[in-house]
Amino acid sequence: MKNRKTGYNRRLAQWRVTWLIEHSTSHHLLWCIDSFMLRNPPLRQAPKRWQPYKEHKQKMKKLIISILTILFLSLNLNGQTRTITGRVITEDLEPIPMLDIRNLNTIIGKTDIDGRFKIVVPENIDKLLFTCVGMEPAEIKLKKDCDTIQLIMMYFAHYDFMSSGKIDKLRKKRFDKLSTIYSDAIKKGLFEKNDICYDRDFEAHKPDLDSISKKLKEKRKANENNFKDLRIGDIVKIPFGIDKSENRISAQYSPCLDCTEKDYDYVIKGEIIKKHTKNLTLEIKITEMPHYDYLNYNGQILKIGSDFKYKMKFFEVITEK
């Protein structure tokens, strides 16, 4: 009788038992799940309810993607920009530092110490305004693909005792010389490009000057009438600008039609003691001088009780109504 390998047979029996347990357990679980769903109608209907929701979700996803795509394209078109560089100098070929570059009254850039600048602007901008203290504003119209601006600005000049037509004639003469100055700037290496990629027109000041002249005439006429109406003994107020550090009258105000005492820095109150038709001059004795014991006025010391001459033709007088 042969010997049996009992260890091997025992292990085979264990594998058979394990396999039966695993398969019977899986089958039992599946049966339980099926039985549970059969006893619960909502669970059987869940796949049917999910299908419409799934289709709706896909449609919403496509709609959102479409909207985002349209918005992106719109922003991309409206947000296109271009970079403009350049340099600004004076008629004397001197760079202009800290000059303001504007678009629709908004400052979008400044020049550096050498008068150079670099700005990024929307593609649709076609006008720029250059402004600086002591210089005449310069407005230019950009041509297509203009990315370099080399500009010469004119000094702001005073033209005393000239008509508005004469003033514009002198300004136009200076404006016409800018092309020659531009060529000189190229020769001296201040500008790099020979071509000008913008348009710049001469702007006459005559309409504005005529309007100002008309208003001044109205003020002078009103001043003359006020002078005639004043009498010896009337109380008037004289507005001044004051240098507090030196107790000195530093400024006088020109005639103003609608101004009141609140519009001025300081006011001296006095009584009219004499009138002179030349330059509509008043002699005034001071009755009130708030906050100061004395003030220096053109070399004369003013204080309460003292008198001084005041030319009403050129300067403001506040009358008590």
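The values are calculated or read from the model by the stated rules, or taken from the named source; none is laboratory data. The model shown is predicted, which means the values in this text are computed figures rather than measured ones. Virtual Cβ from ideal backbone geometry, glycine too; neighbours counted across all protein chains shown. Just the protein is used for accessible areas: all its heavy atoms, side chains included, with ligands, DNA and RNA removed. Shrake-Rupley method; radii C 1.70, N 1.55, O 1.52, S 1.80 Å.
How high is the relative contact order of region 81-203? Use alpha-carbon pairs under 8 Å, at least six apart in sequence, and give a whole percent.
It comes to 26 percent, rounded to a whole number.
Which order do the peptides 123-130, 258-265, 243-250 come out in when sorted by mean C-beta neighbours inside 10 angstrom, highest first?
123-130, 243-250, 258-265
Using the Cα atoms of region 209-321 to build a convex hull, what is its mean projected area in square nanometres?
7.5
If you rank Phe156, Phe191 by how much accessible surface each has, with a 1.4 Å probe, what is the order from largest down?
I get Phe156, Phe191, largest accessible area first.
Relative contact order, percent, of region 131-244 when contacts are C-alpha pairs under 8 Å separated by at least 6 residues?
Once normalised by length, the contact order is 31 percent.
Quick one: accessible area per residue over region 81-203, 1.4 Å probe, rounded to a whole number of Å²?
60
Give me the Debye-computed log₁₀ of I(q)/I(0) at q = 0.16 Å⁻¹ for region 81-203, equal point scatterers on Cα only, no solvent, two decimals.
Once normalised to I(0) and log-transformed, intensities are -0.78.
Given a Förster distance of 35 Å, report the FRET efficiency between His276 and Ile113 from their Cβ-Cβ distance, rounded to the nearest 0.05.
Plugging the Cβ-Cβ distance into 1/(1 + (r/R0)^6) gives 0.05.
Can you give the Kirkwood hydrodynamic radius for region 229-279, in Å, rounded to one decimal and based on Cα pairs?
Here the Kirkwood hydrodynamic radius works out to 12.7 Å.
Provide the packing ranking of 197-203, 141-147, i.e. peptides ordered by the mean count of other C-beta atoms within 10 Å per residue, highest first.
Descending mean neighbour count gives 197-203, 141-147.
Roughly how many percent of the accessible protein surface of region 227-319 is carbon and sulfur, given a 1.4 Å probe and a whole-percent answer?
Carbon plus sulfur share of accessible area: 46 percent.
How much net charge surrounds Arg174 when only the other residues with a Cβ under 15 Å from the Cβ of Arg174 are counted, with Lys and Arg +1 and Asp and Glu -1?
-1
Work out, step by step, the length gained on full extension between Asp199 and Lys59: first 0.36 nm times the residue separation, then minus their alpha carbon distance; give nm to one decimal.
Full extension from Asp199 to Lys59 adds 45.1 nm.
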